[in-house]
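Undergrad: Quick one: the structure is below, questions incoming.
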Amino acid sequence: MIRGIVRPVTEKGSNKELDLKARFLQHISNIPDGKNLNKCIQCGTCTGSCPASYVMDVTPREVIALFRAGDIRSILSSRTIWICASCYACTVRCPQNIPVTDIIYMLKRMAIEQEIFPKRFPVYALSRSFVSIANRYGRSFEPGLLILYYLKTNPMNLVKMIPLFLKLVARGRIMVIPKKIKAARALSEILSEAQIMEMIVPAPEEYVY
Amino acid sequence: MEYTYYPGCSLESSARGYDESVRFVFSTLGCDLIELEDWNCCGATYYMSIKETISLVFSARNLALAEKSGRDIVAPCSSCYTILYKTNQVLKNNPIMLAKVNQALKKDELEYHLNANVRHPLEVLINDIGIENIRGKTCNSFAGLKMAYYYGCQIVRPDRGLDDKENPIMMDMLFDALGARSIYFPMKVRCCGGMLMTTRSAVALKLNKEILECAVENGAECIVTTCPLCQINLEAYQDRINKHYGTDLHIPILFFTQALGWALGGSDADLGLKRNLIPFQLADKGIEV
């Protein structure tokens, strides 16, 4: 058994900046090199390298600036964290070795935890659909995934996808029946235990921020 | 040589041509690919967005199963490769996380001892078999065919120790040795948008247009890639890009093993070439050696 502190998740909807900051710092210690965040020199290389920064409301550089200004709420409410395609261009070019992409993944999880996003939000809807299928079958199932996703967000788009869908079916590139792994039941037991493990947070180290 | 084969979900559906051609290439070169028994989905980027520990557990189950055989894992899908590799790395560097993950895996009597090694077929072919040996087994030459080698993000970033992150050259070296001609292609590692094609298609269409145009403007006759999502993003939306941007793109996108397999004498069926949406008759381009 691990020695750790079982902490309840911060009250849902808690927007207190202090709570958010504490939570943020807690998570950052789990990211390798996460503490390099301190060393950001605001050079903007991350923003310049990002292929999607042109549609972001808060650029990667500004994300770090906002954190240091004590305004995590703005980051969590931005479109930015959901537009990130996780291409890691920012991470490999950062002169201070800040793991920008992994920080953004962490911010996505925080935003979900704090419920600061609309429920029909595309990326969240896609993630949730994927997770529900993967948990059940142990495998992905594209048709099911896309149907669930488009029903949750914009059913009209489902219709627009039909021509491409048919072309792919004709070439045997669509699995029409979902496949289930043999150990599906064992997997769900593993995942239940993992849910409990998710809540165990190691004691935070000294944060010198 | 023997490897544990981790196809991943895409290779059983949208990227079947990749699966077929990887198997063909490896068997022609005398290597055994033994599929990991009852593997589960790696989780892809969707899972990391939701719950960290759970997503690591999900992916680590495969590592725990694979380490039993002692063979290296070969994962063709760039995304599966990077997720499994990343899971391995996180667990190697974070003993608390490893303990949490093993606590969960215990429910099916599994335990991960950090002995798995995750590799990509491109690197395996070049490092374990060697370009000269591969060339020795080819029977078709590309005869100066101009190819754009598109690496995308996942196999070069963040650092996987595989190749240079800004200007990787593994595919360049391999195919140039087989008679192809690489072109100047600065977009070789530029992101294709990945899942943005579903969630924010306008952004992804723009990114793909830029990559395709860059290849075409520099004279590419085809684009060769290592990632199922890149392949489908680049291939299946050229019509939409043409409609939206007034371009006239119609360039075939192949998995690198489809091209390599052809050089090794594979038929269209061996390589799943008929599954590609934009047909490409390699036989017309190359010459028999």
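Undergrad: Just name the residue that is farthest from residue A:88 (Cα to Cα) out of those in region A:65-75 that are surrounded by fewer than 21 Cβ atoms within 10 Å (Cβ to Cβ) and among the aliphatic types (A, V, I, L, M).
TA: Per the stated criteria, the residue is A:69.
Undergrad: Now for a different question. For residues in region B:133-155 being more than 12 Å from chain A (Cβ to nearest Cβ) and part of a loop (DSSP other than H, G, I, E, B), which is farthest from residue B:194 (Cα to Cα)?
TA: Looking at the filtered set, the residue picked out is B:139.
Undergrad: Which condition does residue B:227 not pass, out of (1) over 19 Å from residue A:52 (Cα atoms); (2) more than 18 Å from the chain's Cα centre (by Cα), if it passes all the others?
TA: (2)
Undergrad: Determine if region A:93-107 includes at least one residue that is within 7 Å of another protein chain (Cβ to nearest Cβ) and closer than 30 Å to residue A:41 by Cα.
TA: yes
Undergrad: Could you list, ordered by first residue, the pairs with Cβ atoms under 6 Å in which the first is in region B:46-70 and touching a residue at least 60 places away in the same chain (Cβ under 8 Å) and within 16 Å of residue B:109 (Cα to Cα) and the second is aliphatic (A, V, I, L, M) and crowded, with 23+ Cβ neighbours inside 10 Å, at least 6 apart or interchain?
TA: Correct list of pairs: B:66/B:73; B:66/B:116.
Undergrad: Then there is this: Might you let me know whether region A:146-165 holds any residue that is at pLDDT below 90 and touching a strand residue (DSSP E or B) at 6+ places or on another chain (Cβ under 8 Å)?
TA: No; the residues of region A:146-165 include none that is at pLDDT below 90 and touching a strand residue (DSSP E or B) at 6+ places or on another chain (Cβ under 8 Å).
Undergrad: Which one is surrounded by the fewest Cβ atoms within 10 Å (Cβ to Cβ), of the residues in region B:158-171 that are modelled with pLDDT of 90 or more and within 19 Å of residue B:119 (Cα to Cα)?
TA: Selected residue: B:164.
Undergrad: Among the residues of region A:188-209 satisfying the criterion of being part of a loop (DSSP other than H, G, I, E, B) and more than 7 Å from chain B (Cβ to nearest Cβ), which is modelled with the highest pLDDT?
TA: For region A:188-209, the residue satisfying everything is A:203.
Undergrad: What is the number of the single condition among (1) in a helix (DSSP H, G or I); (2) more than 24 Å from residue B:61 (Cα to Cα); (3) more than 8 Å from every other protein chain (Cβ to nearest Cβ) that residue A:185 does not meet?
TA: All conditions pass for residue A:185, except number (2).
Undergrad: Just one of B:42, B:77 is touching a Cys at 6+ places or on another chain (Cβ under 6 Å) and under 17 Å from residue A:140 (Cβ atoms); which is it?
TA: B:42
Undergrad: For region B:156-202, name all the residues that are free of Cβ contacts under 8 Å to residues at least 24 places away in the same chain and at positive phi.
TA: B:161
Undergrad: Still on this structure: Would you mind stating whether residue A:179 is more than 21 Å from residue B:107 (Cα to Cα), within 9 Å of chain B (Cβ to nearest Cβ) and either touching a residue at least 40 places away in the same chain (Cβ under 8 Å) or under 22 Å from the mean Cα position of the chain (by Cα) (or both)?
TA: In short, yes.
Undergrad: Please verify whether region B:107-119 includes one or more residues that are farther than 30 Å from residue B:54 by Cβ and touching a helix residue (DSSP H, G or I) at 6+ places or on another chain (Cβ under 8 Å).
TA: no
Undergrad: Filter region B:109-132 down to the residues that are part of a loop (DSSP other than H, G, I, E, B), in contact (Cβ under 8 Å) with a residue 12 or more places away in the chain and acidic (Asp, Glu) and list them by number.
TA: Residue satisfying the conditions is B:111 alone.
Undergrad: Looking only at residues in region A:166-182 that are out of contact with any helix residue (DSSP H, G or I) (no Cβ under 8 Å at 6 or more places or on another chain) and outside any helix (DSSP H, G or I), which one is modelled with the lowest pLDDT?
TA: By that ranking, first place goes to A:177.
Undergrad: What are the residue pairs meeting all of these: first residue in region B:4-22, first residue free of Cβ contacts under 8 Å to residues at least 12 places away in the same chain, second residue in a loop (DSSP other than H, G, I, E, B), Cβ atoms under 7 Å, and 6 or more apart or on different chains?
TA: B:12/A:175; B:13/A:173; B:13/A:174; B:13/A:175
Undergrad: Only one of these conditions is not met by residue B:240: (1) in a loop (DSSP other than H, G, I, E, B); (2) over 21 Å from residue B:149 (Cα atoms); (3) among the basic types (Lys, Arg). Which number is it?
TA: If we test residue B:240 against (1) in a loop (DSSP other than H, G, I, E, B); (2) over 21 Å from residue B:149 (Cα atoms); (3) among the basic types (Lys, Arg), just (1) comes out false.
Undergrad: Continuing with the same structure: When you scan region B:176-197, do you find a residue that is of a type in the set (Ser, Thr, Tyr), modelled with pLDDT of 95 or more and assigned to a loop (DSSP other than H, G, I, E, B), even just one?
TA: Yes, region B:176-197 contains a residue that is of a type in the set (Ser, Thr, Tyr), modelled with pLDDT of 95 or more and assigned to a loop (DSSP other than H, G, I, E, B).
Undergrad: Within region B:130-146, how many residues turn out to be over 15 Å from residue B:171 (Cβ atoms) and either buried (at least 16 other Cβ atoms within 10 Å of the Cβ) or modelled with pLDDT under 95 (or both)?
TA: 6
Undergrad: Tell me whether region B:87-108 contains one or more residues that are away from chain A (no Cβ under 12 Å), hydrophobic (A, V, I, L, M, F, W, C) and part of a helix (DSSP H, G or I).
TA: no
Undergrad: Go over the candidates B:217, B:235, B:221 one by one and state the one that is over 23 Å from residue B:16 (Cα atoms) and among the acidic types (Asp, Glu).
TA: Sole residue among the options that is over 23 Å from residue B:16 (Cα atoms) and among the acidic types (Asp, Glu): B:217.
Undergrad: Restricted to region B:156-189, and to residues that are among the aromatic types (Phe, Trp, Tyr) and within 19 Å of the chain's Cα centre (by Cα), which residue is farthest from the other protein chains (Cβ to nearest Cβ)?
TA: B:175
Undergrad: Among helices (runs of 4 or more DSSP H) lying entirely in region B:1-81, which contain 1 or more residues that are more than 9 Å from chain A (Cβ to nearest Cβ) and surrounded by fewer than 24 Cβ atoms within 10 Å (Cβ to Cβ)?
TA: Answer list for region B:1-81: B:16-28, B:52-66.
Undergrad: For region B:84-101, what are the residues that are over 21 Å from residue A:186 (Cβ atoms) and either of a type in the set (Phe, Trp, Tyr) or crowded, with 24+ Cβ neighbours inside 10 Å (or both)?
TA: B:85
Undergrad: Here is a check on your reading of the model: is residue A:46 at pLDDT 90 or above, closer than 18 Å to residue B:204 by Cα and either more than 14 Å from every other protein chain (Cβ to nearest Cβ) or buried (at least 22 other Cβ atoms within 10 Å of the Cβ) (or both)?
TA: Criteria not met by residue A:46.
The values are calculated or read from the model by the stated rules, or taken from the named source; none is laboratory data. None of the values given here were measured: they were computed from a predicted structure. Heads up, the Cβs are rebuilt from the backbone with ideal geometry, glycines too, and the neighbour counts pull from every protein chain shown.
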